[in-house]
Amino acid sequence: MATFTTSSRRPYHIIVFGASGFTGQFVVEEVARTCSEGPGGSLQWAVAGRNRARLEKILLQVAESLCKPEVKCVEVIVADVAEPESLAIMCKQGVIVLNCVGPYRFYGEPVVKACLENGAHCIDICGEPQFLEGIQLNYHSAAQENGVYVIGSCGFDSVPADMGILYTRDQFKGTLTAVESFLTVSTGPEGGCGHDATWRSAIFGFADISNLRRIRKKFGHKPLPVAGARVQKRGTVFFSKEIEQYAIPFMGSDPSVVRRTQRYLYEEHKNYPVQYTAYVGIGDIFSLAKTLFAGVVFWFMVKFGLGRRLLTQFPKFFSFGMFSKTGPSKTQMNDTSFCMRFIGEGYTTGQDPSQGKPNFRISTEITGPELGYIATPITMVQAAITLLNEPHSLPTQGGVYTPGSAFAKTTLIDRLNKHGIKFTVQDEH
């Protein structure tokens, strides 16, 4: 069975795999910054990846930027997803592997398999529903048997959405039955930008949407019961009074992850499932036109091999500057922040959700720094810290879990609050 403690044979609490990648380097920085939060006030950790020289360079950069010379001495492990033996050697040395190697649809499964076979827990920052749901379908039973916790989508996709629903539920004075979320992103004078790895994940994810449908059919799930009034989805494009700008449905993994959490909480704990719809603000009429045009081009090109190659080769051009091969600059990241607002409705204590319309509303909010390379490392590392410090608060068996399923009874939200990702109640009536 997998353990939560280090030993002479398993010396590291955390191994950051893919540490020299664009996102991985920021995860390394966050681990170095939070070493004192490990079990007993310390954290033994290592970095892993294909190229020793690049890994050592990242450690040197982090040591200098944080003024922590001890980071230079962090152990380097050479491991490659194409070499299963190297993955096995890596996983045998760590309690938790933080997997930063994407797109996960291409590179994620060998890491999960190695973790299961060698007793390491696995946390990733995947935003690809096909991968996340496929891993649950194929590996949940094995993870249970081995006592291994595989927790996907522990980055901005989808910790804020998943934990935000639970936070809203816990603040609600009665039975919460439905939530809409509205994401807005604020940028500085230089604008915002994402790295091309995220762009590539989106390209191949949308191109393979039929595979996601096949995976869901294999689960054979019955529809979840609807508590209270059924929520009517808004249009494809609409002006949102809640955020005072045009909005569209959120196309990321949040709805998929939240649905899986709500199913788990209903089937395992008999909690009322919360209906959930997610939207993202896109700004004024000019931003709306640009987004719609880019979306049409993307949807057309992603269906064909040549189109996918062009999208992959020229991310900055086809995304109108929203993604690039170099990713955001330090200034862009520091000037960017997010706000996710949750509008929930339900029934006050003593009211029957099966009778009449909801009679109470609540508004909560999560605010934080730049999504992909500041907030994501924070959520990922705090998920790992929580796993190490609070194993008694996790589901009783290992398995493949969403953040909400794994961390519902932990202090993860409190930990995130202390690290600049703030959960607050805005209004109740």
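Quick one: go through region 202-226 and flag any residue whose amide nitrogen is under 16 Å from the point 7 Å out along the Cα-to-Cβ line of Phe300. So the set is empty, nothing qualifies. For the chain, the relative contact order is 21 percent, taking Cα pairs closer than 8 Å that sit 6 or more residues apart in sequence and dividing their mean separation by the residue count. Normalised per residue, the accessible area of region 1-122 is 44 Å², obtained with a 1.4 Å probe and no contribution from ligands, DNA or RNA.
For the peptides 223-231, 320-328, residues were scored by their other Cβ atoms within 10 Å and the scores averaged per peptide; the highest-first order is 320-328, 223-231.
Every Cα-Cα pair of region 279-370 was included, and the share exceeding 16 Å stands at 73 percent. With the full set of protein chains in place, find how many percent of the accessible area of region 357-429 is carbon and sulfur; take the probe as 1.4 Å. About 50 percent, which is the carbon plus sulfur part of the accessible surface.
Could you please state how large a percent of the accessible area of region 240-313 is carbon and sulfur, counting protein chains only and using a 1.4 Å probe? Here it works out to 63 percent. Here the spin labels are modelled as points 7 Å beyond Cα on the Cα-Cβ line, and at Thr187 and Thr349 they lie 4.6 nm apart.
Placing +1 on the Cβ of every Lys and Arg and -1 on the Cβ of every Asp and Glu, with nothing else charged, gives the chain a dipole about its Cα centre of roughly 1000 debye.
A 1.4 Å probe run over region 225-383, with the rest of the protein chains in place, finds 51 Å² accessible per residue. What label, among (i) 24.5; (ii) 27.8; (iii) 20.4, belongs to mean projected area of the Cα convex hull in nm² computed from the structure on display? Looking at mean projected area of the Cα convex hull in nm² for this model, the match is (iii). A simple spin-label model places the labels of Glu85 and Glu267 3.9 nm from each other, with each point 7 Å out along Cα-to-Cβ.
Only helices enter this figure: runs of n ≥ 4 DSSP H residues, each worth -39500 (n - 2.57), summed and divided by the residues of the chain, yield -12500 deg cm²/dmol at 222 nm to the nearest 500. A cysteine counts as unpartnered when no other cysteine's C-beta lies under 4.7 Å of its own; in the chain this applies to Cys35, Cys67, Cys73, Cys91, Cys100, Cys126, Cys154, Cys193, Cys339. For region 209-343, rounded, prolate or oblate, judged on the Cα gyration tensor with a ≥ b ≥ c (square roots of eigenvalues), a/c < 1.5 rounded, else prolate if a/b > b/c? Because a/c hits 1.5 or more and a/b exceeds b/c, region 209-343 counts as prolate. Taking a ≥ b ≥ c as the square roots of the Cα gyration tensor eigenvalues, with a/c under 1.5 meaning rounded and otherwise prolate when a/b beats b/c, else oblate, which class fits region 312-352? Prolate is the answer for region 312-352, as a/c is 1.5 or above and a/b outweighs b/c. Springs between Cα atoms under 10 Å define the GNM used for the chain, and in it the highest mean-square fluctuation of Gly344, Gly307, Gly155 occurs at Gly307. Label reach from Ser287 (point 7 Å along Cα→C-beta): in region 359-384, amide nitrogens under 18 Å belong to 366-372. Does region 242-314 come out rounded, prolate or oblate by the C-alpha gyration tensor, with a ≥ b ≥ c the root eigenvalues, rounded set by a/c under 1.5 and, if not, prolate when a/b is larger than b/c and oblate if not? Taking the square roots of the gyration eigenvalues as a ≥ b ≥ c, region 242-314 is oblate. Counted by Cβ distance under 12 Å from Gly188, the other residues give a net charge of -2, where Lys and Arg count +1 and Asp and Glu count -1.
If you sort His221, His429 by accessible surface, 1.4 Å probe, largest first, the order is His429, His221.
Once C-alpha pairs closer than 8 Å and six or more residues apart are averaged by separation and normalised to the residue number of region 227-282, the relative contact order reads 41 percent. Once the Cα-Cα distance is subtracted from the 0.36 nm per residue extended length, the His392 to Lys418 segment shows a gain of 7.2 nm.
The values are calculated or read from the model by the stated rules, or taken from the named source; none is laboratory data. What you are looking at is a predicted structure, and each value in this text was computed from that prediction instead of being measured. Don't worry about glycine lacking a Cβ; one is built from the backbone with ideal geometry, like all the others, and counts go over all protein chains shown. Each accessible area value is taken on the protein alone, full model and side chains, heavy atoms only, with ligands, DNA and RNA left out. Shrake-Rupley method; radii C 1.70, N 1.55, O 1.52, S 1.80 Å.
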